Amino acid sequence: MATTTWAPRNGHIISTNHANSPQPAAETFDRVIVSNRLPVDRVQDDDGGSRWRPSPGGLVAALEPMMRADDGVWVGWPGIADEELEPFEIGGIDLIPVTLSEQEVMEYYEGFSNDTLWPLYHDVIAPPSYRREWWDCYVKVNQRFADTAAAAAAHGAVVWVHDYQLQLVPKMLRDARPDLVIGFFNHIPFPPYGIYSQLPWRRQIVEGLLGADVIGFQRLADAGNFSRAARRLKGYDTRGSIIEVPIDVDDPDAGSHRHVTHNRRGELVRTVLARQFPISIDAQAYQELARRPDIQERARQIRRDLGDPKTIMLGVDRLDYTKGIGHRLQAYGELLAEQRVSPEDVVLVQVASPSRERVETYRQLRDEIELTVGRINGDYSTISHTAISYLHHGYPREEMVALYLAADVMLVTALRDGMNLVAKEYVATRVDNDGVLLLSEFAGASDELRQARLINPHDIEGLKDAMMEALEMPQSERSRRMRALRKRVLTYDVARWSKSFLEALVNTAHGDHAEQKPAGHLTRER
Ligand code: GDG
């Protein structure tokens, strides 16, 4: 196999010659990660060749220790349609690509994942499309991921499946390989039953997820919503975070299940743990970037370039309708109209990184947001001061950290968000214990970040008042709040998150998950 070094946090580009590093078909692994995307991007060379570049993120950082061990492998789509690739390796991480055709990208990914499940799971902020051919494709592609993972997994291996694109994989894996220990983590919310029950395939998805031994959610409320769906749709009993799934005693694999017990009616059941494991970030890495003199200088430069305003407000989001960008623009626009703020004193920097641009709803959203930004700037900017600095780009992480450092007020106004890592990144970078975080109650992060100024983004008057409060907040209060937030984010980082999930899975392998309690994480619901 290739022996290139992967330096995931510096964005270094590494060549890999995957054609020369085939994976022996017989090779199997004790630990398997399955996610829609592999953590790599393909970049074209000037000479017509191509290279793989790691696309580092919190998940890669969290799972790196598990993946770097000899026995780990990552199964996923490399992000390009119709590419048949052999397994390859980058810096000690083995990757097994799953091929998707252009049609499958349209139906499984852009269709069922991003235009059915995404809006449904985010409280139908946008109307979900229910298309039977998309569902058929979702089943077919999930089966391909499951088959690939099953072929890669050694006997008794731990397989950790990620996110809403792959909710059928746990059951498919269990059916094929009852010896495996299977975990699933849902990065986005799981909706209340009244919403979830719209889904024509609601029963199959619940059955798919219940193939796992441990199902992780961001919030206590999400886990509760899932347990309710299991009760309502399947009639299964639940005890706290345990769901009891009856075992078919005629099934020849019935004897291979772990943690089997009798329910209160005396039936044989396997128990599934469904509870919250709030995800986090590599807080130390953000803190280290924030301490770099060149990045601090860049933050000062950004302020100068913006005309040295008294206050910089910042929003950083994928351009997605769940993030409440329109609500925040409306609140800010009204503050300008009412002359409660002046563009001479305040600037709003909005980074809206391009996202899902082939999905029609996202194209419309971009038009709406850019129309609003144009109107506000047209009405309130002056020759020397622009009311909103709007940036439809992706930036390197160093630039993001400089922006966080420059921002006096961070606006996280999501209408629904599994967690929202941006909120945690802002806190981790504020090594000066300064800055105000306005945080939506509808983001999972609000369960943990109680010292933020919590807001309801639908309440525009409330949002305006919170923005004014943030602009005027005394330094002592800013510092008191930020210290408490930092303590939380630095303690509960992404390494701790993956460790606690994997411990729950390993305990499962030993048959004792019924006794587990959420370790140190919040049990409070909002
Ligand atoms: C899903 C769930 C959950 C954004 N623009 C740039 C950039 N980013 C980075 C941020 C942050 C990440 O992307 C976005 O994470 P979020 O958590 O805010 O939101 P989603 O993308 O919707 O993520 C979410 C998450 O999964 C994890 O479970 O928290 O609720 O929806 O890290 O910094 N990074 C760079 N340039 C950009 O322009 N480098």
* Give me the pairs, please: first residue somewhere in the stretch 366-395 and of a type in the set (Val, Ile, Thr), second residue anywhere and part of a strand (DSSP E or B), beta-carbon distance under 7 Å, and either six or more positions apart or on two chains. => ILE369/ALA352; VAL373/ILE388; VAL373/TYR390; ILE376/ILE388; THR386/VAL347; ILE388/LEU348; ILE388/GLN350
* Asked: For the stretch 405-517, which helices (runs of 4 or more DSSP H) that fit wholly inside it have 2 or more residues that are away from the ligand (no atom under 12 Å from the Cβ) and touching a residue at least 60 places away in the same chain (Cβ under 8 Å)?
  -> 460-472, 475-491, 494-509
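For (1) modelled with pLDDT of 90 or more; (2) under 28 Å from ILE205 (Cβ atoms), each residue gets a yes or a no:
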residue	(1), (2)
TRP52	no, no
GLY58	no, yes
ARG68	no, no
GLY92	no, no
VAL124	yes, yes
CYS137	yes, yes
* Structure fact -> The condition of being surrounded by fewer than 22 Cβ atoms within 10 Å (Cβ to Cβ) and within 30 Å of ALA157 (Cβ to Cβ) holds, among GLU267, GLU288, only for GLU267
* Members of the stretch 302-326 found to be away from the ligand (no atom under 16 Å from the Cβ) and among the hydrophobic types (A, V, I, L, M, F, W, C), listed by number -> LEU306, ILE312, MET313
* Asked: For the stretch 147-177, how many residues meet the condition of being touching a Gly at 6+ places or on another chain (Cβ under 8 Å), part of a helix (DSSP H, G or I) and under 16 Å from ARG37 (Cβ atoms)?
  -> 1
* Mind listing whichever residues of the stretch 372-401 are out of contact with any Pro (no Cβ under 7 Å at 6 or more places or on another chain), farther than 16 Å from ILE312 by Cα and within 16 Å of the ligand (Cβ to nearest atom)? => HIS393, TYR395, PRO396, ARG397, GLU398
* Structure fact -> Over the stretch 184-224, the set of residues in a helix (DSSP H, G or I), within 16 Å of the ligand (Cβ to nearest atom) and surrounded by 22 or more Cβ atoms within 10 Å (Cβ to Cβ) is ASP222, ALA223
* Asked: Can you find a residue in the stretch 178-188 that is touching a residue at least 40 places away in the same chain (Cβ under 8 Å) and under 15 Å from THR116 (Cα atoms)?
  -> yes
* Somewhere in the stretch 327-345, is a residue within 16 Å of the ligand (Cβ to nearest atom) and either surrounded by fewer than 18 Cβ atoms within 10 Å (Cβ to Cβ) or free of Cβ contacts under 8 Å to residues at least 24 places away in the same chain (or both)? -> no
* To do: Answer yes if at least one residue in the stretch 148-156 is crowded, with 23+ Cβ neighbours inside 10 Å, hydroxyl-bearing (Ser, Thr, Tyr) and touching a residue at least 12 places away in the same chain (Cβ under 8 Å), and no otherwise.
  => no
* **Residues satisfying the stated conditions in the stretch 376-400, i.e. surrounded by 13 or more Cβ atoms within 10 Å (Cβ to Cβ) and assigned to a helix (DSSP H, G or I)** => ILE376, ASN377, TYR380, ARG397, GLU398, GLU399, MET400
* Asked: Any chance the stretch 351-367 includes a residue that's among the acidic types (Asp, Glu), away from the ligand (no atom under 16 Å from the Cβ) and in a helix (DSSP H, G or I)?
  -> yes
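The values are calculated or read from the model by the stated rules, or taken from the named source; none is laboratory data. Quantities reported herein were computed from a predicted structural model and do not represent experimental measurements. Reconstructed Cβ throughout: ideal geometry from the backbone, glycine too, with neighbour counts over all protein chains shown.
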